[in-house]
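The values are calculated or read from the model by the stated rules, or taken from the named source; none is laboratory data. Here the structure is a predicted model, which means the values were calculated and not measured. Here Cβ is always computed from backbone atoms with ideal geometry, including for glycine, and neighbour counts include all displayed protein chains. The area values use the complete protein model at the heavy-atom level, side chains included, leaving out ligands, DNA and RNA. Shrake-Rupley method; radii C 1.70, N 1.55, O 1.52, S 1.80 Å.
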Amino acid sequence: MGNRIDYSVALVKCESYEIQTLENSLIKLLSLLGGIGEFVKSGERVLVKTNLISGRPPEEAVTTHPSLVEAVVNLVQRAGGLPAIGDSPGERATFTGLSRAYRTAGLEEVSSKTGAPLVRFEDGVMEIENREGHFYKKFTVTKLLRDFDKIISLPKLKTHPLTYITAAVKNNLGFIPGLRKTELHLKLPDRESFSEMLFDLLGAVKIDLVILDGVVAMEGNGPYSGLPRKVGAILASKNPVALDFVASRVVGYENPLEIPTNRIAVERGIFFPGKIEILGE
């Protein structure tokens with residue numbers, strides 16, 4: 001990850017998913033990091049990677065809220081970028097299953113409103129590597145990653161029995177298509193090995209910007225079965241680990257090192273929490 005790690009995390013209040021409220025909050029949020037133009041240049045193809053763990057209605061707080069996806073797509077388009085929306089749910093994603101998930105989660109409507117296409121991560125895979133990986137040096141991911149100049153990740157803030165929270169670092173798991181994710185869960189049933197794998201994956205996929213949906217989060221038995229909980233915030237960072245540190249505090253962890261992926265980042269000597277700079281609220 002080199003020495004020039006950006007430790008800035010922007011945080012602003014956002015009380016509702018009303019599109020104008022969201023856009024205003026997003027503009028304010030990203031202005032703290034230099035504006036959308038800092039991340040997207042005219043003509044660039046941008047993958048807006050949501051958290052579509054399962055096709056659930058937005059009000060269940062399982063998936064990234066479609067209004068946030070729409071607001072991000074609008075900003076990318078205004079910057080001259082060419083956005084597409086995508087993710088791979090955890091189950092076997094048949095063509096009809098994926099379409100149904102996109103429709104139920106409200107993303108089909110976002111696609112038709114904005115003209116941003118919905119993409120299928122299952123349409124072919126490729127191997128990528130992280131030579132610095134401790135446990136996994138290679139991953140099989142969607143080959144669509146080749147087609148984009150930039151990736152904007154839009155995780156949903158939730159609690160999780162295995163990783164304690166699911167936010168920026170864990171959202172990368174969606175780049176591994178369909179049932180391959182289930183295989184990893186079976187191979188790595190314990191918290192430590194699963195978190196080490198997630199951290200190795202983080203080093204293999206370059207994320208340009210993370211925007212965390214914390215307007216309504218999920219607490220309890222996430223990532224599917226917990227209860228929606230209003231937090232009223234959105235966060236953004238170039239640095240997924242820094243964002244997860246701040247998100248842990250938002251969720252109520254006094255010590256973010258209780259989150260395994262956060263601790264692993266520090267133990268591996270590539271992340272220094274004392275350098276985090278929180279901008280905004």
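Restricting the search to the stretch 89-118, which residues are modelled with pLDDT of 90 or more and within 16 Å of the chain's Cα centre (by Cα)?
Selection gives A105, L107.
Just wondering, is there one or more residues in the stretch 25-36 that are touching a residue at least 24 places away in the same chain (Cβ under 8 Å), out of contact with any Lys or Arg (no Cβ under 7 Å at 6 or more places or on another chain), among the hydrophobic types (A, V, I, L, M, F, W, C) and open to solvent by 50 Å² or more (accessible area, probe 1.4 Å)?
Looking through the stretch 25-36, at least one residue is touching a residue at least 24 places away in the same chain (Cβ under 8 Å), out of contact with any Lys or Arg (no Cβ under 7 Å at 6 or more places or on another chain), among the hydrophobic types (A, V, I, L, M, F, W, C) and open to solvent by 50 Å² or more (accessible area, probe 1.4 Å).
Out of the residues in the stretch 219-253 that are small (G, A, S) and under 18 Å from I53 (Cβ atoms), state the one that is modelled with the lowest pLDDT.
G222
What pairs can you find where one residue is in the stretch 60-83 and on the phi > 0 side of the Ramachandran plot, the other is surrounded by fewer than 24 Cβ atoms within 10 Å (Cβ to Cβ) and in a loop (DSSP other than H, G, I, E, B), and their Cβ atoms are less than 8 Å apart, with a gap of 6+ or different chains?
Every condition considered, the pairs that remain are A61/G226; G80/K41; G80/S42; G80/G43; G80/E44.
Can you tell me how many residues in the stretch 107-153 are within 16 Å of G178 (Cα to Cα), buried (at least 19 other Cβ atoms within 10 Å of the Cβ) and polar (S, T, N, Q)?
Total meeting the criteria: 1.
Residues in the stretch 1-24 that are part of a loop (DSSP other than H, G, I, E, B), surrounded by fewer than 17 Cβ atoms within 10 Å (Cβ to Cβ) and touching a residue at least 12 places away in the same chain (Cβ under 8 Å): how many?
Adding up the residues that qualify gives 6.
Looking at F139, F148, F121 in this structure, which one is more than 30 Å from G37 (Cβ to Cβ) and not hydroxyl-bearing (S, T, Y)?
None of the other options fit; the residue is F139.
Report, by residue number, each residue of the stretch 23-48 that is in contact with an Asp or Glu (Cβ under 6 Å, 6 or more places away or on another chain) and among the charged types (D, E, K, R).
Matches in the stretch 23-48: E44, R45.
Take the stretch 44-102 and flag every residue that is open to solvent by less than 10 Å² (accessible area, probe 1.4 Å) and in a loop (DSSP other than H, G, I, E, B).
Of everything in the stretch 44-102, those that are open to solvent by less than 10 Å² (accessible area, probe 1.4 Å) and in a loop (DSSP other than H, G, I, E, B) turn out to be T50, L52, A61, V62, T63, T64, G81, S88, P89.
Collect the residues in the stretch 182-195 that are part of a helix (DSSP H, G or I), touching a helix residue (DSSP H, G or I) at 6+ places or on another chain (Cβ under 6 Å) and surrounded by 18 or more Cβ atoms within 10 Å (Cβ to Cβ), keeping them in residue-number order.
S195
Anything in the stretch 230-251 that is touching a Ser or Thr at 6+ places or on another chain (Cβ under 9 Å) and either part of a helix (DSSP H, G or I) or open to solvent by 20 Å² or more (accessible area, probe 1.4 Å) (or both)? List them, or say none.
Matches in the stretch 230-251: K238, P240, V241, A242, L243, D244, V246, V251.
Spot the failing condition for E44; the list is (1) touching a strand residue (DSSP E or B) at 6+ places or on another chain (Cβ under 8 Å); (2) within 27 Å of F245 (Cβ to Cβ); (3) among the acidic types (D, E), and only one is missed.
Every condition holds for E44 apart from (2).
Please specify each residue of the stretch 103-114 satisfying the condition of being touching a Pro at 6+ places or on another chain (Cβ under 9 Å) and over 19 Å from V62 (Cα atoms).
S111, T114
Checking the condition touching a strand residue (DSSP E or B) at 6+ places or on another chain (Cβ under 6 Å) and part of a loop (DSSP other than H, G, I, E, B), which residue from I211, I207 passes?
I207
Looking for whichever is free of Cβ contacts under 8 Å to residues at least 40 places away in the same chain, among the acidic types (D, E) and either at negative phi or open to solvent by 60 Å² or more (accessible area, probe 1.4 Å) (or both) here; the options are E219, E281, E254. Which one fits?
E254
Kindly provide the set of residues from the stretch 154-176 that are open to solvent by less than 40 Å² (accessible area, probe 1.4 Å) and over 15 Å from the mean Cα position of the chain (by Cα), ordered by number.
Once the filter is applied, which keeps residues that are open to solvent by less than 40 Å² (accessible area, probe 1.4 Å) and over 15 Å from the mean Cα position of the chain (by Cα), the stretch 154-176 yields only L162.
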